[in-house]
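The values are calculated or read from the model by the stated rules, or taken from the named source; none is laboratory data. Computed from a predicted structure; not experimentally measured. Don't worry about glycine lacking a Cβ; one is built from the backbone with ideal geometry, like all the others, and counts go over all protein chains shown. What goes into the accessible areas is simple: the full protein's heavy atoms, side chains included, and nothing from ligands, DNA or RNA. Shrake-Rupley method; radii C 1.70, N 1.55, O 1.52, S 1.80 Å.
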Amino acid sequence: MDGSTSFVDAMKLRHVSSDGDVDAFDGELNEHWTIGPKVHGGAMLALCANAARTAFGGQERSDRGSGSAQEGVEPIAVSGSFLWAPDPGPVHVVTTIRKRGRRVSVVDVELNQGDRTALRAVMTLAEPEHHAPPLLSVNPVVPLMTPEPPPGLEPIGPGHPMADVVHLAHGCDIRPSLTTMEPRADGGPPVIEYWVRPKEGSPDVLFALLCGDVSAPVTLGVNRSGWAPTVQLTAYLRGMPADGWLRVMCTTMQIGREWFDEDHVVVDCEGRIIVQSRQLALVPPAQ
């Protein structure tokens, strides 16, 4: 594989045009940001989030990688509908500012490749929670997952059973607990656990949003493997990640015959909830 494996490089945008509240950017998501042959949905959403905050904060910031476009303003709610799975390579991102509010702003985003739209998203921009104790928090991750991966938990890499599919591992240190992907002996619902961090630098907002879509499908818990395309995903940014590992717990409410939901909770090394996400996807066919 060729091309940069840096997440910061993957999030870079080049501003190409502006017309009032509409801005256009060029970017590239190369083969290191794919699941199988197709671009990873979380990487696409993160790039769209970067385009939204860049357009909102000013075009002169568009070549600063994944740094925040305006002090304090971040994509606190990200909602995307996936229309088509693009191939790795150049993408064209168009943003339309729908509202510039004193506290909350809204930006529509389209990610295109060639003459096809792959993703349509709505980004809500505002200041996320400050680094202060919440009034109430029901955090399912901290009691079950340590701040760092358990000793001996192998990263996805050469020889790992997921290496041929999860190409994100070229730019991310991804350590899944493979035992949590198997059907439970007690017949209970799947609870999949991951520890993730970028191989270069520290996790930021965009990387945390990517982690809201990092898990293998929960359908593995009912012996359904294969392509499980996401149709819609909504993520909330609850805080700014600390420097260290991100813990990701993936669960589900229901796996139907055709559709399933999948929830991610992303917690930083300090035990704070950083991202919550829920997606609707198609159940893989029986083998």
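Remarks
- Proximity of backbone amide H atoms, modeled 1.01 Å from N, is registered between Glu28 and Val91 at under 5 Å, excluding neighbours fewer than 5 places apart on the same chain.
- Placing +1 on the Cβ of every Lys and Arg and -1 on the Cβ of every Asp and Glu, with nothing else charged, gives the chain a dipole about its Cα centre of roughly 620 debye.
- Accessible area (Å², per residue) of region 205-287, counting only protein heavy atoms and a probe of 1.4 Å: 41
- With the charge dipole of the chain set up from +1 on Lys and Arg Cβ and -1 on Asp and Glu Cβ about the Cα centre, the Cα lying farthest toward the positive end among the listed residues Val141, Met11, Val91 is that of Val141.
- Backbone HN-Hα couplings from phi across region 256-263 [Karplus 6.51/-1.76/1.60, Hz, Gly and Pro as x]: x, 6, 10, 10, 9, 9, 9, 10
- Cα Rg, Dmax (largest Cα-Cα span) when computed across region 94-179, Å: 19.7, 51
- Ratio of Rg to Rh over region 239-287 (Cα coordinates, Kirkwood Rh, two decimals): 1.15
- On the principal axes of its alpha-carbon atoms, region 1-61 has extents of 38, 19, 15 Å, going from largest to smallest.
- Nearest 10 degrees, 0 to 90: helix 41-57 Cα axis against the chain principal axis: 30
- Computed over region 196-287, the Cα gyration tensor eigenvalues convert (square root of 5λ each) into semi-axes of 27, 12, 10 Å, ordered from largest to smallest.
- Stretchable slack from Thr179 to Trp84, in nm (0.36 nm times residue separation minus alpha-carbon distance): 31.0 nm
- Here the accessible area of the chain is 52 percent carbon and sulfur, with a 1.4 angstrom probe and all protein chains present.
- Counting Lys and Arg as +1 and Asp and Glu as -1 over every other residue whose Cβ lies under 13 Å from the Cβ of Ile273, the net charge comes to -1.
- Between the beta carbons of Gln232 and Ser137, assuming R0 = 35 Å, the FRET efficiency works out to 0.85 to the nearest 0.05.
- Accessible surface for region 92-140, divided over its residues, is 67 Å² per residue with a 1.4 Å probe.
- Pair-distance distribution P(r) for region 152-237, from all Cα-Cα distances in 10 Å bins starting at 0: 15, 45, 34, 6, 0 percent.
- Per-bin percent of Cα-Cα distances, the chain [10 Å]: 7, 30, 37, 21, 5, 0
- Cα-centre dipole for region 179-287 with unit charges at Cβ (Lys and Arg positive, Asp and Glu negative), debye to 20: 120
- Relative to the current alpha-carbon distance between Leu144 and Thr117, full extension at 0.36 nm per residue lengthens the span by 5.8 nm.
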